Structures are given as structure tokens and as C-alpha cells.
């Protein structure tokens with residue numbers, strides 16, 4: 001679940017879905033703040049964090065016309 005600055009709440013079943021909703025809402029990787037895993041149950045798993053940030057950054061690069069290498 002994500003709560004946006006304007007009060008909207010986003011919910012998704014997986015990291016890909018959350019990243020897509022954030023992107024569609026105009027939220028970019030630098031705008032995202034997540035609780036640290038040391039904060040317990042409210043924090044997403046490390047893999048989830050990595051996936052969301054990775055997708056948002058990749059989409060931003062694509063939008064800017066930069067090539068993404070997956071090697």
C-alpha cells in the first residue's frame with residue numbers, strides 16, 4: 001500500500017503493480033519514500049523495494065530515450 005502526498009491510497013498485489021500505479025500517478029523513483037526494513041511489519045521486503053525502484057528508474061530512462069542494458 002502507498003499513501004500519496006495528496007491523500008490518495010494505492011494498493012497492488014505485487015511490486016510490478018505498485019510500480020505501475022506509482023508511475024501512472026506521476027510518481028518517480030526520487031519521490032518515493034519507504035520505511036526501512038528495521039521498522040518491522042510496515043516496511044516492504046528488500047526485493048520488493050528493489051523491484052519498485054528498479055522499474056521506476058528503468059521507465060524514466062526509457063522515457064528519456066536512453067537504452068537499458070540487461071547484462
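We did not get these values from a lab; they are worked out from the coordinates using the rules stated. From a predicted model like this one, the values you see are computed outputs, not experimental measurements. Don't worry about glycine lacking a Cβ; one is built from the backbone with ideal geometry, like all the others, and counts go over all protein chains shown.
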The chain, relative contact order in percent, only Cα pairs under 8 angstrom and at least six apart counted: 25 percent
The chain: angle of helix 15-24 to the longest principal axis, Cα-based, in degrees nearest 10: 70 degrees
Förster radius 22 Å - calculated FRET efficiency between residue 11 and residue 37 (Cβ-Cβ, nearest 0.05): 0.60
Using alpha-carbon coordinates, inclination of helix 46-63 to the longest axis of the chain, degrees: 40 degrees
Anisotropy class of the chain from Cα gyration tensor, a/c 1.5 cut: oblate
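As a test of the formula, what do you get for the chain when each DSSP H run with n ≥ 4 contributes -39,500 (n - 2.57) and the sum is divided by the residue count, at 222 nm and rounded to the nearest 500 deg cm²/dmol?
Helix-only estimate at 222 nm: -12500 deg cm²/dmol.
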